[in-house]
Amino acid sequence: MKKNRENYNQLSKELESALKEHLFDQEDAIETIVKTLIQSYMLESKSKVQALFTFIGTANSGKHYACELLAKLYPKITQLKTFYMEQYSGEISDEQSFQKEVIAFVQNNPNAVLVFEDIEKADLQIQLALYTLFTDYEKNEVDFSKIIVIVTTTSLSSLLQRKDVQKLLKTDPLQAHTFFISLLT
């Protein structure tokens, strides 16, 4: 697809419309997702990953469904992989094998959505290994630049009711994301 303003607008409208057909009462989240994806596509960001999202909500609120829809509806994505983070908790968790599993998947599927379901259930070392994997440019032998990373959590869903958090989400989504991630660790 040629990168011009017309294609940008068309892709943006189509993706937003398709997501809104299936997800209800999530207009702000959908608009943020679409805006972030389209901007990263158009600007060819130097970021390590194409996009990083944190989906916060109660159990069975549609977080994973939104991930599935995004993988299905966004034309740049060919695959979805979910890592259920409770599998990486306690003494049996091994951050090196976890990183190898993620890297192997990305090498075979360079245009994918990676979902880290219930990140708060993972051992802290696994969470740190994940952060390092997506931020340490020089050490990685694999390109994550076309990967969309989605972290889900249920532990922070009560915060979404606070007016100050709602305001922060609207005015400074990056700061809100940083705030949420700091509370997870």
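The values are calculated or read from the model by the stated rules, or taken from the named source; none is laboratory data. Since the model is a prediction, treat every value here as computed from it, not as a measurement. For neighbour counting, all protein chains shown are included, and Cβ atoms are generated from backbone atoms with ideal geometry for every residue, glycine included.
Confirm whether VAL165 is in a loop (DSSP other than H, G, I, E, B), over 22 Å from LEU69 (Cα atoms), over 14 Å from the mean Cα position of the chain (by Cα) and modelled with pLDDT of 80 or more.
Details: in a loop (DSSP other than H, G, I, E, B): no; over 22 Å from LEU69 (Cα atoms): yes; over 14 Å from the mean Cα position of the chain (by Cα): yes; modelled with pLDDT of 80 or more: yes.
Spelling it out, it is not the case that VAL165 is in a loop (DSSP other than H, G, I, E, B), over 22 Å from LEU69 (Cα atoms), over 14 Å from the mean Cα position of the chain (by Cα) and modelled with pLDDT of 80 or more.
Go over the candidates VAL102, VAL113 one by one and state the one that is surrounded by 17 or more Cβ atoms within 10 Å (Cβ to Cβ) and in a helix (DSSP H, G or I).
Unique residue meeting the criteria: VAL102.
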Is there any pair with a first residue in the stretch 129-149 that is at pLDDT 85 or above and a second that is assigned to a helix (DSSP H, G or I) and among the β-branched types (Val, Ile, Thr) whose Cβ atoms are under 7 Å apart and which are 6 or more apart or on different chains, and what are they? PHE144/VAL106; ILE147/VAL106
What do you reckon, is SER12 surrounded by 12 or more Cβ atoms within 10 Å (Cβ to Cβ) and modelled with pLDDT of 85 or more? yes
Residues of the stretch 44-74 that turn out to be in a loop (DSSP other than H, G, I, E, B) and either of a type in the set (Asp, Glu) or at pLDDT 90 or above (or both), as a count: 2
When every residue in the stretch 147-163 that is β-branched (Val, Ile, Thr) and in contact with a Leu (Cβ under 9 Å, 6 or more places away or on another chain) is compared, the one nearest to GLN107 (Cα to Cα) is ILE147
